[in-house]
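Below: one structure, written as structure tokens.
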Amino acid sequence: MNTREITVTVNGRRHTRTVEVRRTLADFLREDLGLTGTHLGCEHGVCGACTVIIDGVTARSCLQLAVQADGAEITTVEGVTLPDGELHPVQEALRDSHAFQCGFCTPGFVMAIYGMCEEKKAGKPVPCSRAELREELSGNICRCSGYQQIIDGAEAALAAAKEA
Amino acid sequence: MKPAAFDYQSPTSIAEAVQMLAEPPEDGGDVKVLAGGQSLVPLLSLRLATPARIVDINRIPGLTGISEEGGVLTLGALVRQRTAEHSDVVARACPLMAAAIPHIGHTAIRNRGTIGGSIAHADSAAELPTVALCLDAEMVAHGSNGERTIPAAEFFTGFFSTALAEDEILTAVRVRSVAPGTGAAYEELARRHGDFAMVGVAAQVRLDGDTVTEARIALSGVDAQPVRASKAEAALVGHTVDEQTLSAAADAATADLHPASDLHASAAYRKHLAGVLIRRAVRNAATRAKESA
Ligand SMILES: Cc1cc2nc3c(=O)[nH]c(=O)nc-3n(C[C@H](O)[C@H](O)[C@H](O)COP(=O)(O)OP(=O)(O)OC[C@H]3O[C@@H](n4cnc5c(N)ncnc54)[C@H](O)[C@@H]3O)c2cc1C
Ligand code: FES
Ligand code: FES
């Protein structure tokens, strides 16, 4: 079997593992590290359920090989929860807006919105209007909610995120 | 939905990468370059691509620069699409590229997808190959025989096909910076935001007063590769951008088109769409040209 040793920092913890080179980052997170919060819907880039933050920006974990993440810093949905176990403001906003039913898509939406909030805090331009938010979140698919409440939650989360 | 096994290499120089591309795998099979992975990894997962070896070029230094010198904008092949989208240099020197990039997929895709990867992949519906053809971009390639420059008109050779040899890596893309009085627009129609467009139009025009002095138009989604609309360009030069000129340009371009019908759109609809989008793109480009004069 074709393998490599990689060291990856996930949610602030360093992990050194030997992985098969064909393993996707998503499978590495879920199966090797047991971080099953990252969901897999389509495994080819179209649904957004597997969205994580890699070196500060959102990315599809199904579209990257685990070997490519050697040396990278990754945040998954497990890592956005505050250290005391409280929900992150993005999670609060989605909950308060009733932004999910089955919840399968939720980790992807949390990470996509979290990514936008982090960019806003860093002073980068982020979508403001509902129309822009819809466009921005069009890369995440939800089969249950009808999206309205997800946009409500995203709007509330972005309004609460302040430039540092 | 899991990639088939392959051998993985991550060279740290262009020379090393070229060697890995040139050397045939022991048990036969293809060798593939991996850049942003936003097209290749889906193909691996769907097993539409089963290369024997993958050469990951992400650890080669020096391929992520954006620079403008002597009126030429150079983008390294590994510049992420999102980086170019937010670059002030690109916005000033190549407004057409800045206008086109937001149409590519979604933010998370553009965070990883590269300029070089999109051009090398050469999807006929993709934005960046259409921009490259529209602007007569030059593609810089490195292979076993050294470096060469390939003009866009010779680069896109057919369905997902380019002039790159099997042992060649695309390392940079060059375009001439725009002159004052130039405006650009990229217009497309996709079924959903972020999907590949049914038809897309890249347009760049330069005005002297109200008169068009230079026009560039290219279309995506109407053939196996992006198409330059030379007759439409000729119909614009020397004229003011009014309804009559726009119609003449749209008619000149669509007369020669023979798009295919597929699941997403019929040939007739694609042809109609091309005309509508040419009018829209040229009109918007001209408005921006006036603003920039
Ligand atoms: C959901 C989704 C939606 C998308 N929507 C769009 C869209 O609307 N428009 C659009 O244009 N694209 C779209 N894409 C594709 C995306 O733009 C890719 O980033 C791009 O097509 C390929 O760039 P990459 O860097 O990811 O290349 P990779 O996937 O790494 O490579 C693509 C191909 O090019 C070759 N290659 C890459 N770099 C080089 C190089 N430097 N030299 C030689 N060969 C090279 C590879 O061998 C491979 O065959 C979408 C992708 C997804 C998953
Ligand atoms: S599982 Fe990665 S985008 Fe659908
Ligand atoms: S809540 Fe079920 S898919 Fe979104």
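Worth a mention:
- Solvent-accessible area, 1.4 Å probe, carbon plus sulfur percent, for the range A:89-163: 54 percent
- Residue among A:105, A:144, A:62 with the largest mean-square fluctuation in a Gaussian network model of chain A, springs linking Cα atoms under 10 Å: A:144
- The Cα-based radius of gyration and maximum Cα-Cα distance (Dmax) for the range A:85-164 are 11.6, 35 Å.
- Partner chain coverage, peptide A:37-46 - average Cβ within 10 angstrom: 4
- Sequence-separation-based contact order of chain A, relative, with Cα cut under 8 Å and 6+ spacing, percent: 24 percent
- Taking chain B and dividing mean pair separation by its residue count, relative contact order in percent (alpha carbons under 8 Å, at least six apart): 16 percent
- Global form of the range B:7-55, assessed from the alpha-carbon gyration tensor, a/c cut-off 1.5: oblate
- Global form of the protein assembly as shown, assessed from the alpha-carbon gyration tensor, a/c cut-off 1.5: oblate
- Among A:138, A:97, A:129, residue whose mean-square fluctuation peaks in a GNM of chain A (springs only between Cα atoms under 10 Å): A:129
- Take every pair of alpha-carbon atoms less than 8 Å apart whose residues are at least six positions apart; their mean separation over the length of the range B:66-176 yields a relative contact order of 30 percent.
- Simple label model, 7 Å out from Cα along Cβ direction - residue A:82 to residue A:9, nm: 2.3 nm
- Structure remark: mean-square fluctuation, Gaussian network model of chain A, C-alpha springs under 10 Å; the largest value among A:59, A:122, A:26 belongs to A:122.
- Solvent-accessible area of residue B:142 with every protein chain in place, 1.4 Å probe, in Å² to the nearest 10: 50 Å²
- Degrees separating the helix B:267-292 axis from the principal Cα axis of chain B, which is the longest one: 70 degrees
- For the range B:103-139, residues shielded by at least 30 square angstrom of accessible area compared with the chain on its own, probe 1.4 Å: B:106, B:107, B:108, B:109, B:111, B:112
- Where B meets A: accessible area buried, both sides, 1.4 Å probe, Å²: 2500 Å²
- Look at where the Cα atoms of the range B:67-95 and of the range B:258-282 average out, and the two centres are 30 Å apart.
- Stretch in chain A that is longest and holds no GluC sites (Glu not before Pro) that DSSP places in a loop and that have at most 10 other beta carbons within 10 Å: A:1-85
- Accessible surface of chain B [probe 1.4 Å, protein heavy atoms]: carbon and sulfur percent: 49 percent
- Partner lysines whose Cα lies under 22 Å from the Cα of residue B:231, excluding those fewer than 8 positions away in the same chain, are identified as B:271.
- The aspartates and glutamates within cross-link reach of residue B:290, meaning a Cα-to-Cα straight distance under 19 Å and a gap of 8 or more places when in the same chain, are B:187, B:208, B:210, B:214, B:233, B:242, B:243.
- Extended-chain gain in nm, criterion 0.36 nm per residue less alpha-carbon gap, residue B:260 and residue B:68: 65.3 nm
- Cα-based shape type of the range B:112-201, given that a ≥ b ≥ c are square roots of the gyration tensor eigenvalues and the cut on a/c is 1.5: oblate
- Sites matching trypsin sites (Lys or Arg not before Pro) across the range A:122-164 that sit in DSSP coil, with at most 16 neighbouring C-beta atoms within 10 Å: A:143, A:162
- Convex hull of alpha carbon positions in the range B:184-292: directionally averaged projected area 6.5 nm².
- When only the Cβ of Lys, Arg, Asp and Glu is charged (+1, +1, -1, -1), the dipole of the protein assembly as shown relative to its Cα centre reaches about 620 debye.
- Rolling a 1.4 Å probe over the protein heavy atoms gives the protein assembly as shown an accessible area of 43 Å² per residue.
The values are calculated or read from the model by the stated rules, or taken from the named source; none is laboratory data. Model, not experiment: these values are computed from the prediction. Please note: Cβ atoms are built from the backbone with ideal geometry, for glycine as well, and neighbour counts cover all protein chains shown. What goes into the accessible areas is simple: the full protein's heavy atoms, side chains included, and nothing from ligands, DNA or RNA. Shrake-Rupley method; radii C 1.70, N 1.55, O 1.52, S 1.80 Å.
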